[in-house]
Structures are given as C-alpha cells and as structure tokens.
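What follows is a set of notes on a single structure, which appears directly below.
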Amino acid sequence: MKKFLINLSVVFFVFVLCLSGLRADAFGKKDKIKNETQKSQPAKISEDDDEYGLPAIPIPDGILSQVSYQISAINPMMGVSQTGIFYPGGRGANQLVIYTYKNGLRTGTNEFGAEAIVVDGTVVQISGADSIIPKDGLVISGHGRAKTWMNENLTVGTKIYVDYKTMTLYAYLTNDSFIYATQEKIKEIDQMMRYYKDNDIYYDDSVAHDYITKALDNLKRANRHPDDTQKYSSMAINSANKAMQYALPYYKNEFKGVWLRPTEKSRGEIEKTLNKVKKYGIETVFLETYYQGKTIFPSETFAKYGVQPQRPEFIGFDPLQIWVEEAHKRGLKIYIWFETYYAGPENPMKNPMNVISVYPKWANTTKMKYNSPAPVASLSEHNGYFLDPANPEVQTYLLTLLEEIITRYKPDGINLDYIRYPQSISAKFPGYELSNWGYTEYARNEFKSAMNIDPVDIKYGTPQWDAWATYRQNKVTSFVFKAKQLTSKYNIPLTAVIFPDRINSMEVKMQDWKTWSDNNYIDAFTPLILTCDKDTAVYLISDIRQNSKPSTKIYPGLFVAFMNGKPDDLLRQLHESRKLKTSGIVLFDFAHLDEKYTDVLLTNAFTPSTPSQTTLSTQSTAAKQEKKKKRFWFFKKRGELTKAPSASVKTAKASPSKS
C-alpha cells in the first residue's frame, strides 16, 4: 500500500508540472556522442506521439554532435501552458514551446522570440514569430534563454528528436544536415531567378549565376568528401548567400521606407543620420513624432490643453523642423509616425501634466477594471496606458494636434500607429470578455442610450456583444475618416499601421481596416509583419491584399532586423512582397538596421542599376515564350545544371531604361 501511494504521488506530481508549464531554464547540454551511444537511444519519438498528431521519427545515423533542452509546454493554445496564457501564443517568459498542427494554423507568438519549423524530423526553416505550423511537423518556439539556446544550436538541416515522456528536445548535427541546407538554399535561389526571368525583360542574372555555379561545385565536393562535408558545405552556402543578394534586382519606384525614433539633439546629428538613410537606399523616413503621449516638438496644441508640451529630452530644441528641412535637401521624404491612442508607459499619477492625469476620463479601461479609480495599463503592451477612441474630446484633441503638425512643418505624409483599442487576449481563452477594452464612462453611457443596455452587462457570444464590438470598431473608423479629410485638405497621403489577419484584428484590437480601404478612407497600409518566416509573411500580406481595394497601396512593415533575423530572411520577405504585387516595404526599425542588413540590400536590391526600373516588366506571351527558349535553369526535373546565361540576357543591360 505504501509503495502504491508513493507511485501515485509521483504520477500526480508529473501531471501538475505538465499542466502548469515547465520553466525553460537553460539546461541545454552540448556533447559529442559516439556511434554506440546513438544505438542506445530509442528508435521513435514515443508511444504518445499520436496525442500530438505526429509520426514517429527515427534518430538519425552519423551524428556529429547533440544538444538538448527542456520543453516548457506543448500546444499551449490548447491550455497546456498556464504560465503563458496571457502571452501571445501562450508562450511565457524564457519558455521553449512545441506547437503541432493540433494547436491551430499559426503559433500566434510575438516578435520577441525565435522559432524553427520542423518537417520529417529536420529543421527546414528558421523563423522568428507567428510561424505557420506544418501538418506533417512542428514548430519549436523560444523566448529569452530558450531563444538564445535556439539561436546558438538550431539551423536549417538540424535533425530534431522530441521525447514527450521526459519533455526533452534533442537536436543533432550530421553530414546530411549540411548537405540538406546547401541543396535547399540553391533551389530557393533558382526559383527566385526564374521568377524575375519570367517577369522582367531587363533582368540580368550574370553575377548571381557565377556565385550559384561556385555553390554547386562545392556542393559536389561536399558529397564526394564526407570527411570535409562541413567545410565544402560552408563554402557552398557562402557562395549561395552572395547569389541571393544579386538575384534580387533594383526597382526605381518601389517604396523604400524605415521607421525611426529620433534621439538626435542637434542639426549635425540629424544630418549625419539622414546621410546614412540616403546611403542605405531608403527614400522615406517614418519619423516618430508623437509617441507615448508626447511630441518631439514644442506643441502649441498641448500647451493650450494644459498637458506637457514637449518630450523632456528635446526641450529648448525643435528637431522636427530640422528633420523635414534636411530630409528635403537630400531628396528624402518625411512621414509623421503618429501613435494615435497610445499614451505611453508613464504612470499618469506621477506626472501632473500627463494627458491622462489632466483628463482622467479620457483613459481607456477594461471590463474587469471598469470601476477602478486608478488608470488601467495594458500589461501585454509594455504596461502602457491608452486613450478612449469613443470620446469625441479625445478625437478633437488628436485631430487638432495632427493639423498643427501638417500646417507648421509640411510633412510628406501621415502614418497612424496605435489606431486601435488595446489588445485583449484571444477569444479562445475564457478571460477574453473581461480583458476587452472600451468600458469608459462616456462609451457606456452613449451605447446604453442607443441600445438600452450597459456594455458591462453584455456577455460574449450574444447579439448585443456583436453590436458592442461594432460600436468600438466604428469609433476607430470614424477617426480614420476624419484624419483622411484633414490630409486630403492639405494634399498629403494618409497611411496606417494595421495588424494582418483581419478577423483577429477586429476581435482583439477592434481594428476594422477593411472598412477603411472599402470606403477610401486610407491611401496605404503599413502592416506589421511580425515574423522572420517567409510563409507566414506571405499568408499575412495575402490576407491584406484579399481584404483591401486595389487602390489601397500596401507597404509591408518588415521586422526581420528588429527580431535579429538572418539577412537572408529580409531578402526573402522583400522578394515575396514583390511577388504579391505590393508597392514597396517599410523596415522596422532604423536603430536595428545593422550593416549585416544594409549590406545585403545595397548589394543589388536597394542600389540603382542600369537600366533602372519602375515595376516588374509586363511582357507579351510571345516574348515570354521566346525568352524561355534562351534562358537557363540550375535545376530541371532531374536537378542538373545546364548551360550558362545566354548572350541575349546579358545584352539587355544596354536597353533603354523604363520610366
């Protein structure tokens, strides 16, 4: 009996650990293992793999090295990881999480982690966030210490084994790992070059071809010399990386922007930064002008309202005037990056000139804390405070500020950010209703007078809830409409930061951006592509394309640099953005735009060439068929390398440029 009770206690303890989510303390261990050690490992994942919808994966042969890490949770969106429930994707701080297709289409994680996509026991792609989950594989996702471990140990080609009984992830490197990574890279570049050859009569592939030929030669050596596989594969990858940089051509009229938070305190410092922007091939700066509830310039509007008229670090200096002047001298444009409803993380009670301290009834609040005497912060958004979109006084306040900026400084455009409610948790979780925002005194009274019910008494899933959600969405849309009237008056474009995945955006942020496009309230979207994953980026951009009018331009906001992704990831997303017929890109952000990113962009894609082009070329069917006879491919059906580039492709360089 005593033995039975002890065993029962152990089982119960393990069960509790699985439910609460094991912490991802970095117990990763590196060690070389011998062939006899490999044979002692289990041949399959576990008997429990069917629970997660995964096939049994054998441990690979010829292991060169092995590392391991403790798994915190599996499929947290299904309620496994209690400690991460209020975080995007259910992944908590420092956790390593496994997602299978039973968790949903995407991981739903934010930009502060790393992810690896695994198919058939092999890492096929390194991502950053919100990855699409393969049906025949899984996604490994890490934050904090787990992210660091992943960055140090996982790469394309790494073999993965998951022991679900001990909640341990094993990663192996073999010769096949290096061969696989090299082959996949070369195939990818070949597909890129095929695309541009099909769509651009001026496309010159000569340099990329030379590098890819070198890569193929070293790949052959890697296959022939097992003892030197890693060396030759590395050489092949380096050549393939250069080939990718040259594979993407430059397009003259492609929108090239960057978000920039100013820290410069003098004209000289501003000039230095703008010189870098110009050097990087960027043409439009989205200058953070109004953020965290304060402006970088001395605002007359704020002074009249009795709130802090300027950010303290810029007092005695008007940087906005200099930014606009110096940018225009260099042929650059300045768009005002405007954080609409975000009042910042500063506790209003500690600053009597904080806008929420001066106007406490303007503060947004949740259903859970609708009667709180103190302002309510959004825990998942840097503990920041938000203004109420429903309050007409708030709208007037912000529109007056916008007009002051436009009339005083003559910017080239406006970029509305935080044009939404604070985010709630997903409707998949039971706390969704209580985490919703907008339960201010003004909004409750106005809605109650129209619908005869206080929003506090409305339950999720009822017709009244739908009406309450529409009410809030319409309040945001109303501001966009008024902002469009203002920008049209001064003949400058209005753009807006939006979250892709329209349904989710409406559900958790009350942002109905489709209506803005349908009614021509907006000129362009700058959607946040919070991932390094190419496939997720395609999915997100496609969702925007499908739900917006052709007249609404799309400038995907790429976060690869901010997420410390690989430079190749940036090139991939630029390429996919072009394929989806967007009008350009915006990079987030200047502070994270290291040389490793600018160098690959300046190799070709952001450097004017001859001839300069405006868009992908439109050719007649006859012209394309003629070109097909002349072009070369690295991989035919049987995968062999064929002839070198034809002379007709090379001489296209001398053709007159398009305008």
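Computed quantities for the displayed model
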item: First in region 338-362 and farther than 12 Å from G293 by Cα, second anywhere and of a type in the set (D, E), Cβ under 7 Å, 6 or more apart; result: K361/E441; W362/D388; W362/E393
item: Check on N474, closer than 23 Å to N364 by Cβ, surrounded by fewer than 21 Cβ atoms within 10 Å (Cβ to Cβ) and modelled with pLDDT under 95; result: no
item: Residue list for region 243-270, restricted to those being open to solvent by 30 Å² or more (accessible area, probe 1.4 Å) and either assigned to a loop (DSSP other than H, G, I, E, B) or among the hydroxyl-bearing types (S, T, Y) (or both); result: Y246, K252, N253, R261, T263, K265, S266
item: Filtered residues of region 339-367 (kept if assigned to a loop (DSSP other than H, G, I, E, B) and surrounded by 15 or more Cβ atoms within 10 Å (Cβ to Cβ)); result: T340, Y341, E346, N347, N351, N354, Y359, N364, T365, K367
item: S233 at pLDDT below 95 and either over 30 Å from K276 (Cβ atoms) or assigned to a helix (DSSP H, G or I) (or both); result: yes
item: Residues located in region 271-289, provided they are surrounded by 20 or more Cβ atoms within 10 Å (Cβ to Cβ), in contact with a helix residue (DSSP H, G or I) (Cβ under 7 Å, 6 or more places away or on another chain) and not hydroxyl-bearing (S, T, Y); result: L274, V285, L287
item: A327 vs. criteria within 29 Å of the chain's Cα centre (by Cα) and under 26 Å from Y432 (Cβ atoms); result: no
item: Lone unmet requirement of (1) more than 30 Å from I336 (Cα to Cα); (2) among the acidic types (D, E); (3) touching a helix residue (DSSP H, G or I) at 6+ places or on another chain (Cβ under 8 Å) for E184; result: (3)
item: Any hit, region 211-222, residues being modelled with pLDDT of 95 or more, open to solvent by 20 Å² or more (accessible area, probe 1.4 Å) and under 31 Å from the mean Cα position of the chain (by Cα); result: yes
item: Residues of region 315-338 that turn out to be open to solvent by less than 10 Å² (accessible area, probe 1.4 Å) and in a strand (DSSP E or B), as a count; result: 3
item: Subset tally (residues that are open to solvent by less than 10 Å² (accessible area, probe 1.4 Å) and farther than 18 Å from K509 by Cβ) for region 412-434; result: 2
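The values are calculated or read from the model by the stated rules, or taken from the named source; none is laboratory data. Every value quoted in this text rests on a predicted model; they were computed, and no experiment measured them. Methodologically, a virtual Cβ is constructed for each residue, glycine included, from the backbone with ideal geometry; neighbour enumeration extends over all protein chains shown. Surface accessibility is based on the protein's heavy atoms, side chains included, excluding ligands, DNA and RNA. Shrake-Rupley method; radii C 1.70, N 1.55, O 1.52, S 1.80 Å.
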